[in-house]
Amino acid sequence: MTTTTITTRLVRGFADPSFGLTQWERLLATGQSDVVFLTWHWQSAWWEAFGRGELLLIAAERDGEIVALAPFFSEAGMVYWVGSGGSDYLDFIGDTSDSEILDSLLSEARRRVPGFIGFVFYHVPDSSETAARLEQASARLGLRLFDEGDQAAPALEMANQEIARAATQKKSLVRHERHFSRDESFKVEHLQDGEKILPYLDEFFAQHQQRWAATPSPSLFNDEPQKGFYRLLTSAAGKAGWLRFTRIEWQGRNIAFHFGFNYRGTFLWYKPTFAIDLARHSPGEVLLRQLLLAAIAEGAHTFDFGLGDEAFKARFATRVNRVRNWGLYKPEAIDNHPPQT
């Protein structure tokens, strides 16, 4: 019987000519979590904006071909996903169903990290088999796995057009839009090209800052690296085809924006904002209605409301997905200080 051996190697950054954009995207399509947050564009922009510690893009090869990639970085003895922060869904890239592949990726990362303590895998979808595979791998590798909490990710299934269109006709959405749309100045623009989106980003940032200024949760755009990340992502993915930027104009001003994606038929509600001085007329609901209509027009099969169980999402969602954080540690590292679950 012919056997194959799994080998591992380090991909030398996002510009490594041996594993570039085309190979990355092809491999991503073979995994269980083919999501926008694992694309080369997102991962490379995130690392450039927020990267710290040591980048560990570890590839598993069979017969000289990369079959899986662990997009890791290490810091202070811990290993994390690239994208840990701002990414709704994260996972391995490619096929890790073979235990030898998963063990090789984890072992190689462990070997490369001085003073290794463990891994934290943020936001792994429950729909992925990664958790079950990590549990099995933990026994083989002498590590301990912990469930470190989960989050809801509500979604509206749009395959049923009747249900999808009914969502756009909810009374509050229609009523609030009518306030603005009866004025001929009302205009909705959906942009996909990065070069056309970039000129609006500063106004988008400022509006988001104003929207959240009086709340206990200040805008993420108070931090310059966050602004830099959005600019980098817009430039990197400007021609990828899945960027979606919406602006709503009324009486000569932009009253709402949304920065999101339509990736593989999933339209993602990601970063909305609206003019806070118009809050009593709910431009945010007008924005949501226009995004639902856009998703229907594009033939999206899912409208994903992203992480969080905010009440408004329950009005529209037909299912609630969940993501989970997993910790995988050396036993001696956690005997006296077990992770909080």
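Coordinate-derived values only; no laboratory data. Computed from a prediction, not measured in an experiment: that's the story for all the values here. A quick note on method: Cβ atoms are made from the backbone with ideal geometry, for glycine too, and the neighbour counts reach across all protein chains shown.
Altogether, the Stokes-Einstein calculation at 4 °C and 1.567 mPa s, with the Kirkwood radius of the stretch 205-256 over Cα pairs as Rh, returns a diffusion coefficient of 101 µm²/s. Measuring against 31 Å, Cα to Cα, the residue pairs 171/271; 171/227; 227/330; 239/271; 187/271; 187/227 contain 171/227; 227/330 as the ones spanning a longer distance.
Computed over the alpha-carbon atoms, the chain gives an Rg to Rh ratio of 1.00, Rh here being the Kirkwood radius from the mean inverse distance. Helical runs (DSSP H, four residues minimum) scored at -39500 (n - 2.57) apiece and divided by the length of the chain put the mean residue ellipticity at 222 nm at -10000 deg cm²/dmol. Its Kirkwood hydrodynamic radius, worked out from the mean inverse distance over all distinct Cα pairs, puts the stretch 159-300 at 15.7 Å.
Considering only DSSP beta bridges whose two residues both sit in the chain, what percent are antiparallel, to the nearest 5? Please list the in-between numbers first.
Numbers: 60 of 66 bridges.
Within the chain, antiparallel bridges account for around 90 percent of the total.
What whole-number distance in Å separates the alpha-carbon centres of the stretch 270-341 and the stretch 134-155? What the calculation gives is 21 Å, centre to centre.
The aspartates and glutamates within cross-link reach of residue 196, meaning a Cα-to-Cα straight distance under 19 Å and a gap of 8 or more places when in the same chain, are 249. Averaged over residues, the count of other Cβ atoms within 10 Å places the peptides 90-100, 212-222, 114-124, 139-149 in the sequence 90-100, 114-124, 139-149, 212-222, highest first.
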